[in-house]
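Novice: Pasting a structure below so you can have a look.
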Amino acid sequence: MKQNKNYLDFVSSIKESLEWKELESGMIQIKMENAGVFNFIAQKLFGRPRFSYIDLEEFGSFIWKQIDGKSTIFEIGKSVSEKLKDKAEPLYPRLSQYFKTLQLHGFINAE
C-alpha cells in the first residue's frame, strides 16, 4: 500500500560537496558549477564563467543556516516564523517550494 509522506516531515542536509560561505553581511553565498553541454559551449564560445555565485536573501539565508540534517522542514518553519514574523507569510507553501528548489538544484538532500 502506497503511503503519502508529508513534505514538512522531511529532514534536509546540505550536500557535503557543495561550496558555500557566510558573507560579512550574514547572508549566504553558494558556489554553483555551470555544468553540462550547453554551459560548456557557452564557456568556450562566449567566455561564460565556469562557476556562478548565488547570493541568498534574508529569508533564504536564515533557512540555510537552519538546515542541519536533524530538523524537519516543519521545525525550521517554526524558527522562520519566530524570526521573520509576517515577512515569512504564507510560510509553509513558500517554505516547501523553497526546499524543493534547493533540492532540484542539487544543493540539499531531503529524506
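Novice: Only one of the listed values, (1) 95; (2) 140; (3) 151, was derived from the coordinates as volume of the Cα convex hull per residue in Å³; which label is it?
Specialist: Of the listed options (1) 95; (2) 140; (3) 151, (2) comes from this structure.
Novice: I've got another one for you. So what's the angle, to the nearest 10 degrees on a 0 to 90 scale, between helix 37-46 and the longest Cα principal axis of the chain?
Specialist: 50 degrees
Novice: For region 27-111, give the magnitude of the charge dipole about the Cα centre (Cβ charges: +1 Lys/Arg, -1 Asp/Glu; no others), in debye to the nearest 20.
Specialist: Details: 12 positive and 10 negative charges, 57 e Å.
In debye, rounded to 20, region 27-111 gives about 280.
Novice: For region 39-104, build the charge dipole from Cβ charges (+1 Lys, Arg; -1 Asp, Glu) around the Cα centre, then report which of F99, L45, S81 sits farthest towards its positive end.
Specialist: Farthest towards the positive end: L45.
Novice: Take a quick pass over the chain and tell me how many lysine pairs come in under 17 angstrom between Cα atoms, counting only ones 8 or more apart or on separate chains.
Specialist: Lysine pairs meeting both conditions in the chain amount to 13.
Novice: Okay, moving on. Along region 16-22, what does the Karplus equation 6.51 cos²θ - 1.76 cosθ + 1.60 (θ = phi - 60°) give for ³J(HN,Hα), rounded to whole Hz, x for Gly and Pro?
Specialist: Each residue's phi maps through the Karplus curve to give 4, 7, 7, 9, 7, 8, 9 Hz.
Novice: Still on this structure, I have one more. Whose amide H sits under 5 Å from the amide H of R48, counting only residues 5 or more places off or on another chain, with H placed in the peptide plane?
Specialist: Q43
Novice: Here's another thing I want to ask about it. Tell me what the chain gives for mean residue ellipticity at 222 nm when only DSSP H runs of n ≥ 4 count, each as -39,500 (n - 2.57), the sum divided by the residue total, rounded to 500 deg cm²/dmol. Provide the component values of the computation, followed by the final result.
Specialist: On the way: 4 runs with 45 residues, N = 111.
Helix-only estimate at 222 nm: -12500 deg cm²/dmol.
Novice: Using the Karplus curve 6.51 cos²θ - 1.76 cosθ + 1.60 with θ = phi - 60°, work out ³J(HN,Hα) for each residue of region 94-111 in order, rounded to whole Hz, and write x for Gly and Pro.
Specialist: Ordered by residue, 3J(HN,Hα) equals 5, 5, 4, 5, 4, 5, 4, 5, 4, 5, 4, 7, x, 7, 9, 10, 10, 10 Hz.
Novice: OK, next. 5 Å is the cut-off here: which amide hydrogens, built 1.01 Å from N in the peptide plane, fall below it relative to K15, excluding neighbours closer than 5 in sequence?
Specialist: So K15 has HN proximity to I108, N109.
Just so you know, all these numbers are worked out from the coordinates, no wet-lab data involved. Remember, predicted model here, so these are calculated numbers, not experimental data. Every residue, glycine among them, receives a Cβ derived from its backbone with ideal geometry; neighbour counts consider all protein chains shown.
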